[in-house]
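J.: Please read through the structure below; I'll follow up with questions.
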Amino acid sequence: MTKQKSFLEYLSIVSIASCVFFGPTQAATARDVPQPTHPITIQEAVNRAYNDYKSNTDGSNASYIPYLEKANTKLYGIVVVTIDGKIFKAGDADYFFPVESISKIFTLAHVLKIQGANNLKNKIGVNATGLPFNSALAIELNNDKLTGSPPPGNPLVNAGAIATASLVEGKSLEEKWNTVIKTASAFAGRPLTLNKDVYDSEMADNQHNLAIAILLKSYHYLYADSAETIDLYTRECSYNVTAKDLAVMGATLANGGNNPLTHQNVTDEETSMRVLAVMATAGLYNTSGEWLYNVGLPAKSGVGGGIVAVVPGKMAIAVYSSPLDAAGNSVRGQLAIQSIAHDLGINIFKNK
Ligand code: GLN
């Protein structure tokens, strides 16, 4: 068997194993309408996005986590929080749902601050993997030195987020968890809590993430015990948030680390900028490039149906709607953010 053949065989097996199929294979694209002719308010843009996609039923719930499969697909909430603390909302803005992968950006903010930017780059990596969020193949490809990136690849895919969780300091799992949930709570400006049912549901069927942790450990890119790290990572994915929480958390990043509601300095400006840069590379997993091309905003999604986009120096836009596209991103979430950004003329690549 030639080297190439065995690699291709490996590639097909691992990519199939790593893929989690949700809804339509195409990333959602918002309606192609001209910019409103007169300037519209943020609340009008939120209302338009809410009304235009309220009856959209595309996508399906994440079925690989039993708790998420049961989510009510009708729920739909949009919240914008500006850096001066104004809140604009529509729909189910205060409904609690599991944060899932969106938590990765807040744990990253903590680890980035204690480790420094260079360590983060050398221990985890900051390049897009271009592969599904839970890909084990990405670890092998990076380890093969094909990309020159360390094997975890990027802190926003599972391998990188698990490696990031392994860098949270603390003598015990409880101490580490306390750090993670306290950090996230400071971003939200209120105490966030674990959803025990989601945690149990994920822990009961967590072999794939555990395999990722063990593979990283074998390459010396996991920095704590694998079982303990998976427990911490799973707790991190299982705390509850609302769309309003996500908008406040995103607005804190938009505001250089200062929470616009509590005025607490949750993190610093440099950390916020680095987190936003990583969100732009991998926040929507393997469709991050398409997202950035279409919308021009750093964002982060989770398979719980949440998504938050950040407009640096201005605001954050957060949406909850559980049906996902094939990459695991909320369908209505993407459409609503794209619509609001379009209507308000927001894009980080714009020259004015
Ligand atoms: N807890 C989920 C997992 O690890 C999070 C994935 C996600 O939101 N993309 O599979």
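The values are calculated or read from the model by the stated rules, or taken from the named source; none is laboratory data. Model, not experiment: these values are computed from the prediction. In this analysis, Cβ positions are derived from the backbone assuming ideal geometry, glycine residues included, and neighbour counts consider all displayed protein chains. All accessible areas refer to the heavy atoms of the entire protein, side chains included, with ligands and DNA or RNA removed. Shrake-Rupley method; radii C 1.70, N 1.55, O 1.52, S 1.80 Å.
J.: For the stretch 189-228, which residues satisfy the criterion of being away from the ligand (no atom under 11 Å from the Cβ) and in contact with a strand residue (DSSP E or B) (Cβ under 7 Å, 6 or more places away or on another chain)?
T.: Hits for the stretch 189-228 are Leu192, Thr193, Leu194, Asn195.
J.: In the stretch 226-271, which residues are small (Gly, Ala, Ser) and crowded, with 23+ Cβ neighbours inside 10 Å?
T.: Within the stretch 226-271, Ser238, Ala243, Ala247, Gly250, Ala251, Ala254 qualify.
For (1) under 22 Å from Asp94 (Cα atoms); (2) away from the ligand (no atom under 16 Å from the Cβ), each residue gets a yes or a no:
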position: Val241; (1), (2): yes, no
position: Pro260; (1), (2): yes, yes
position: Gly283; (1), (2): no, no
position: Ser288; (1), (2): no, no
position: Ile307; (1), (2): yes, no
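J.: Separate question: I'm checking my understanding of the structure. Among residues of the stretch 280-333 that are touching a Pro at 6+ places or on another chain (Cβ under 6 Å) and open to solvent by 10 Å² or more (accessible area, probe 1.4 Å), which one is nearest to Pro132 (Cα to Cα)?
T.: Checked the stretch 280-333; the qualifying residue nearest to Pro132 (Cα to Cα) is Asn286.
J.: Test Thr147 against the criterion of being surrounded by 24 or more Cβ atoms within 10 Å (Cβ to Cβ), modelled with pLDDT under 90 and farther than 19 Å from Glu270 by Cα, and give yes or no.
T.: no
J.: In the stretch 137-196, what count of residues is obtained for those that are aliphatic (A, V, I, L, M), over 18 Å from the mean Cα position of the chain (by Cα) and closer than 23 Å to Phe96 by Cβ?
T.: Qualifying residue count for the region: 0.
J.: Pick from the stretch 316-337 the residues that are touching a helix residue (DSSP H, G or I) at 6+ places or on another chain (Cβ under 6 Å) and in a strand (DSSP E or B): which of them is farthest from Thr73 (Cα to Cα)?
T.: Checking each candidate, the answer is Ala316.
J.: Here are some residues: Thr193, Thr262, Thr234, Thr242. Which one is touching a helix residue (DSSP H, G or I) at 6+ places or on another chain (Cβ under 7 Å) and among the polar types (S, T, N, Q)?
T.: That would be Thr234, the only listed residue that is touching a helix residue (DSSP H, G or I) at 6+ places or on another chain (Cβ under 7 Å) and among the polar types (S, T, N, Q).
J.: Name the residues in the stretch 164-180 that are in contact with a Phe, Trp or Tyr (Cβ under 6 Å, 6 or more places away or on another chain) and within 16 Å of the ligand (Cβ to nearest atom), would you?
T.: Ala165, Ser166 - these are the residues of the stretch 164-180 that are in contact with a Phe, Trp or Tyr (Cβ under 6 Å, 6 or more places away or on another chain) and within 16 Å of the ligand (Cβ to nearest atom).
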